[in-house]
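Chemist: Sharing a structure here in structure tokens format.
What follows is calculated from the coordinates using simple rules that are stated; it is not laboratory data. What you see is a predicted model, and the numbers here were worked out from it, not measured in a lab. Backbone-built Cβ (ideal geometry, glycine too); neighbour counts: all protein chains shown.
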Amino acid sequence: MTTYVWPPKSRDGCALVHAYTDVLGWPLFVGTEPVLPGEVEDAFVHNPSTVVLAACAEFDAVSVPRKAAAEALVRLDRKGKVVPCLLHGDTGTFLAARGTGPCASTLPSVQVTTGRDARIILPPTIGARWDTPPWHPTERAPLELPNARVLRSFLGEGLRFYGLG
């Protein structure tokens, strides 16, 4: 077994894939096919544009426009709250405890992705990066995901700040 540097860096595909599967226990996909860590690594060797996806089986994904996500992240940081957030394209996606995402779905411009059949894009996919990764920075352990109610007020403020709410 290979030992990876902790915490994984945004472009270290192998370390990220092993963090997703070994530390977080997330099912991974390339396209619609479930894959094992070695298969993801092989896919990147053959095609650097490979898109890695995670099933939303262990979490709910709460997505907002990137500007609103950035504002919410600043406000969360000021309150000392750590919520995993993935940035991809024009979207910021926060991870919340499984089953709690729908409470944030009543906010305008919020999309909630949840369930075993739902997927989100993960780094090292081109254009995707973690602002706040879902693991502890010093130990190989997942962060406890907050209830989406914690996010609701921060997201609402971020959406209003940019006239999206």
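Chemist: Taking the Cα centre of the stretch 28-98 as the origin, how large is its charge dipole in debye, to the nearest 20, when only Lys and Arg (+1) and Asp and Glu (-1) carry charge on their Cβ atoms?
Modeler: Numbers: 7 positive and 9 negative charges, 135 e Å.
Approximately 640 debye in magnitude.
Chemist: Separate question: Could you give the angle, 0 to 90 degrees to the nearest 10, between helix 148-161's Cα long axis and the longest principal axis of the Cα atoms of the chain?
Modeler: Tilt of helix 148-161: around 70 degrees.
Chemist: May I pose another question? Within the stretch 123-158, list the residues whose amide N lies under 20 Å from a label point set 7 Å along Cα→Cβ of Lys9.
Modeler: 123-140
Chemist: Pick from Thr91, Thr132, Thr32: which is most flexible by mean-square fluctuation in a GNM of the chain where alpha carbon atoms under 10 Å apart are linked?
Modeler: Evaluated over the chain, the most mobile residue of the options is Thr32.
Chemist: Right, here's the next one. Using the Karplus curve 6.51 cos²θ - 1.76 cosθ + 1.60 with θ = phi - 60°, what ³J(HN,Hα) values do you get for each residue of the stretch 139-147, in whole Hz, with x for Gly and Pro?
Modeler: 10, 7, 8, x, 6, 6, 7, x, 5
Chemist: If you don't mind, there's one more thing I want to ask. Excluding the sites themselves, what is the longest stretch of the chain that contains no trypsin sites (Lys or Arg not before Pro) in a DSSP loop with at most 15 other C-beta atoms within 10 Å?
Modeler: Details: sites that count: Lys9, Arg11, Lys79, Lys81, Arg98, Arg140.
So the longest stretch without any such site is 12-78.
Chemist: Please give, to one decimal in nm, the separation of the simple spin-label points placed at Glu33 and Ser49, each 7 Å out from Cα toward the Cβ.
Modeler: 1.8
Chemist: Can you compute the charge dipole magnitude of the chain about its Cα centre, using +1 on each Lys and Arg Cβ and -1 on each Asp and Glu Cβ, nothing else charged? Give it in debye, rounded to the nearest 20. Numbers along the way, then the final one.
Modeler: On the way: 16 positive and 16 negative charges, 154 e Å.
That gives the chain a dipole magnitude of about 740 debye.
Chemist: Would you mind checking the tilt of helix 37-46 against the longest principal axis of the Cα atoms of the chain, expressed as 0 to 90 degrees and rounded to 10?
Modeler: 80
Chemist: Next question. Please report the net charge: other residues with Cβ closer than 9 Å to the Cβ of Cys56, K and R +1, D and E -1. Intermediate values should be presented prior to the final figure.
Modeler: On the way: positive: Arg98, Arg116, Arg119; negative: Glu58, Asp60, Asp117.
Net of charged neighbours comes to 0.
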